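Taking it in order: structure first as structure tokens, then the write-up.
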Amino acid sequence: MERLCFLDNEHLAGPLVEHLDVMTRAGNKIGTFDGVIVEPTERRVRYLVVDRGRLLHKRCLIPLLEARVDAEHHSLSLDVDDADASQWQQFDPSSFPPFSDDDLITAMFATPA
């Protein structure tokens, strides 16, 4: 059985992670990158967490499809259409356990997917 957990943006390292706009295939901004839902035993990211709110958080889960980082524009482009937004599941961080040190060890020693 898969165990999914939330790894929020604050616990990821990298120059692009601090503030990363998320764009559709057509180049429209749909929100900002807020973290990932991972499956440690499979060493895979299953969903991106995107915050679509302006003042208050309005997070949603977007199944991870093809994505491209655009370093010049500090954005993440997803292979999704604007119309797909109505199908994205609302995300509550308490619905997934946070990524832990045990999850890190599991991912390190799991057989590559």
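The values are calculated or read from the model by the stated rules, or taken from the named source; none is laboratory data. Everything quoted here is computed from the prediction, not taken from an experiment. Side chains are part of the model used for accessible areas, which takes the heavy atoms of the whole protein and leaves out ligands, DNA and RNA. Shrake-Rupley method; radii C 1.70, N 1.55, O 1.52, S 1.80 Å.
Taking all protein chains together and a 1.4 Å probe, the residues 42, 10 rank 10, 42 from largest to smallest accessible area.
Heavy atoms of the protein chains alone define the surface here; on that basis the chain has 65 Å² accessible area per residue at 1.4 Å probe size. Remark on the chain: ratio of C-alpha radius of gyration to 2.2 N^0.38 Å is 1.06.
Based on Cα atoms of segment 42-93, Rg over Rh with Rh as the Kirkwood radius reads 0.98. For segment 8-101, the share of accessible area belonging to carbon and sulfur comes to 49 percent (1.4 Å probe, ligands and nucleic acids excluded). Across the chain, the relative contact order, built from alpha-carbon pairs under 8 Å that are at least six residues apart, equals 29 percent.
Figure note: 39, 72, 66 ranked by solvent-accessible area, largest first, 1.4 Å probe, ligands and nucleic acids not counted: 72, 66, 39. Across segment 39-56, computed HN-Hα scalar couplings (Karplus, 6.51 cos²θ - 1.76 cosθ + 1.60, θ = phi - 60°) run 10, x, 5, 9, 6, 9, 8, 9, 9, 9, 9, 10, 8, 9, x, 9, 9, 9 Hz from first to last residue, x flagging Gly and Pro. Amide H to amide H, with H built 1.01 Å from N, residue 23 comes under 5 Å of 30, 76, 77, 78, counting only residues 5 or more places away or on other chains.
Report summary: the helix-based calculation at 222 nm, which adds -39500 (n - 2.57) for every DSSP H run with n ≥ 4 and divides by the residues of the chain, gives -2000 deg cm²/dmol.
Taken over the alpha carbons of segment 63-110 as equal point scatterers, the Debye sum produces base-10 log I(q)/I(0) values at 0.17, 0.27, 0.28, 0.33 Å⁻¹ of -0.87, -0.95, -0.96, -1.09.
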